[in-house]
Amino acid sequence: MKKLLATLLASTMAFSAIAGLVACGGGDNGGNGGGDVNNKLADDLPTVSDVNDPFAGDNEAVAACTIEVWAPEKTVAAFETLAAKFTSNEYHNGKYANVTINFTPKGEDKAQEALATDPEQGADVFFFPSDHLDKFVQDDILQELRGNVGSYYTKAISERDSEGTYSAALSKDGYMLAFPATADNGYYLWYDGDFFSDSDVETLDGMMEKAKKANKNIIWDYGTGWYTPTFFYGMGCNAGYVGDNYEIDFNSANGKIAAEAMIRYLVTDNVMENEKPCLIKGAIGDDIVAGMKDGSVVAGIGGGWFAGDLPANAKATKLPTFTAKIDGKDVQKQMYTFFGGKYCGVNSKKTNISVSMAFANFLTSYEGQVARYNADNAGPSNKEAAKLPAVQSDKALSALLAQAAVGSYVQGNQDPFWDPMQSFCAEIADGTTTIDNLQTALDNLVAAIKQKA
């Protein structure tokens with residue numbers, strides 16, 4: 001699904017006053033995780049006038065309590081500084097001064113497994129990757145942001161964060177299931193800026209033609225489910241859970257066009273007699289870095305984790321377009337990426353939900369996301385933070401945002417998808433699957449994925 005980065009809205013406006021004392025243990029229990037995502041905000045959301053705290057007009061101190069936060073180790077020091085501000089006498093006249101906030105370093109990929117066993121003993125506030133969202137919903141752990149307090153947060157998120165991140169976290173009722181924290185997971189194109197011009201990298205065909213003539217390579221890990229669906233999503237196909245059902249249409253007419261393009265690029269067009277293949281499978285990161293350093297590789301598809309190891313002439317941009325043959329005509333379609341980020345959730349099984357919501361909101365506000373970027377280079381989902389010069393000048397993050405704007409598929413729980421897709425890609429690469437038996441292979445792919453779901 002395409003997610004256009006909308007015009008920035010100010011993140012320092014003030015929430016309209018809400019009457020009533022917020023008790024640390026009570027408050028906004030207006031429903032837990034809602035199931036399927038629908039990209040439509042609830043119609044009854046209030047007008048937002050302060051994205052930092054919906055109690056701007058009510059500074060009466062909350063009752064003493066303690067909340068625990070799980071956060072990535074690199075971010076803990078920065079978040080502790082934010083916690084000190086949140087609980088200071090200067091913040092809303094000491095509204096949260098009686099709150100004690102404890103941090104435990106825990107990787108975002110570990111939160112779901114830890115909470116699944118005993119959520120009542122887990123953190124009040126925790127961070128997790130976007131592809132764990134569906135599992136959290138199924139386990140009924142996330143506190144949906146609705147009710148007399150939470151719905152203000154839902155509205156605030158829709159104004160301050162990019163649509164590509166917040167739309168993936170909407171419940172079936174149109175309320176946010178968690179706070180967007182980053183928008184930094186995906187892949188795009190790295191290329192040799194001395195070999196390719198900016199116009200060269202607009203089309204995959206143009207890149208391959210120029211690379212072949214120079215006997216150079218373009219690396220793409222096309223044997224995995226993570227990278228290869230770029231063709232299918234580029235043709236408008238979908239794959240993912242809708243509620244409890246996994247829906248996939250890769251065996252549709254558009255899916256077949258996408259798979260035909262895969263065969264042309266991966267098996268036929270990239271191999272000329274007595275010539276080394278141009279588009280090759282390689283270790284994302286290591287092979288791209290080594291090849292770009294010795295000049296044998298002029299481009300690679302990957303993310304930002306190896307950016308610091310690339311030579312100075314490496315540039316980054318969105319993925320190129322590919323040629324789809326539609327009704328006998330060659331049509332350029334944008335290559336897509338899986339796109340995701342991190343979320344901050346509030347544990348629905350704990351008692352300090354209202355204060356946990358307020359602090360989770362504070363951690364993921366403009367100020368919180370800037371602090372996190374400074375701590376671990378995580379790309380902001382906050383639209384204003386994403387416009388900061390430091391973020392815009394970051395090669396990896398600017399390329400990711402450019403890709404998200406033109407061709408990205410928001411990644412949810414894709415557990416049933418990976419192994420069958422990898423097998424399908426391997427059978428194309430080794431010639432087992434051809435144009436002649438392609439429809440059968442696609443039907444088998446979809447059946448295998450649904451069987452695992």
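In the chain the longest region clear of GluC sites (Glu not before Pro) that are loop-assigned by DSSP and have at most 16 other C-beta atoms within 10 Å covers 91-272.
In degrees, nearest 10, range 0 to 90: what is the angle between the Cα axis of helix 253-263 and the longest Cα principal axis of the chain? Approximately 60 degrees, to the nearest 10. For chymotrypsin sites (Phe, Trp or Tyr not before Pro), no site in region 120-160 is both called loop by DSSP and has at most 15 other Cβ atoms within 10 Å.
Remark: spin-label model distance SER296-GLU73 equals 3.4 nm, labels positioned 7 Å along the Cα→Cβ axis. Applying D = kT/(6 pi eta Rh) to the chain, where Rh is the Kirkwood radius over alpha-carbon pairs, T corresponds to 37 °C and eta to 0.692 mPa s, the Stokes-Einstein value obtained is 142 µm²/s.
Going through region 275-364, which chymotrypsin sites (Phe, Trp or Tyr not before Pro) have at most 15 other Cβ atoms within 10 Å and a DSSP loop state? Provide the component values of the computation, followed by the final result.
Details: sites: TRP305, PHE306, PHE322, TYR336, PHE338, PHE339, TYR343, PHE359, PHE362; in loops: TRP305, PHE306, TYR336.
Filter output for region 275-364: TRP305.
If R0 equals 30 Å, the separation of the Cβ atoms of ASP109 and THR432 corresponds to a calculated FRET efficiency of about 0.35. Computed extension length for ASP194-ALA63: 41.0 nm, one decimal, from 0.36 nm per residue of separation with the Cα-Cα distance subtracted.
Name the residues of region 371-405 whose amide N is less than 17 Å from a point 7 angstrom out from the Cα of ASP309 along the C-beta direction? Label zone hits: 396. Between GLU209 and ASN89, the distance separating the two model label sites (each 7 Å from Cα on the Cα→Cβ line) works out to 7.2 nm. A straight chain from ASN238 to GLN422 at 0.36 nm per residue would run longer than the Cα-Cα distance by 64.6 nm.
Quick one: angle between helix 147-160 and the longest Cα principal axis of the chain, in degrees between 0 and 90, rounded to 10, please. In the chain, helix 147-160 runs at an angle near 40 degrees to the longest axis. Principal-axis analysis of the Cα atoms of the chain puts helix 418-429 at an angle of about 20° to the longest axis. Of the trypsin sites (Lys or Arg not before Pro) in region 381-453, the ones in a loop by DSSP (not H, G, I, E or B) with at most 13 other beta carbons within 10 Å are LYS387.
Anisotropy class assigned to region 311-396 is oblate, per the alpha carbon gyration tensor with a/c at or over the 1.5 cut-off and a/b no larger than b/c. Each Cα pair under 8 Å and six or more residues apart adds its separation to the average, and for the chain the resulting relative contact order is 26 percent. FRET efficiency for the GLN439 to ASN102 pair, using the beta carbon distance and R₀ = 45 Å, is estimated at 0.20.
Quick note: the coordinates plus some simple rules give every number you see, no bench work behind them. Owing to the predicted nature of the structure, the values given are computational and were not obtained by experimental measurement. No Cβ is skipped: glycine too gets one built from the backbone with ideal geometry, and neighbour counts run over all protein chains shown.
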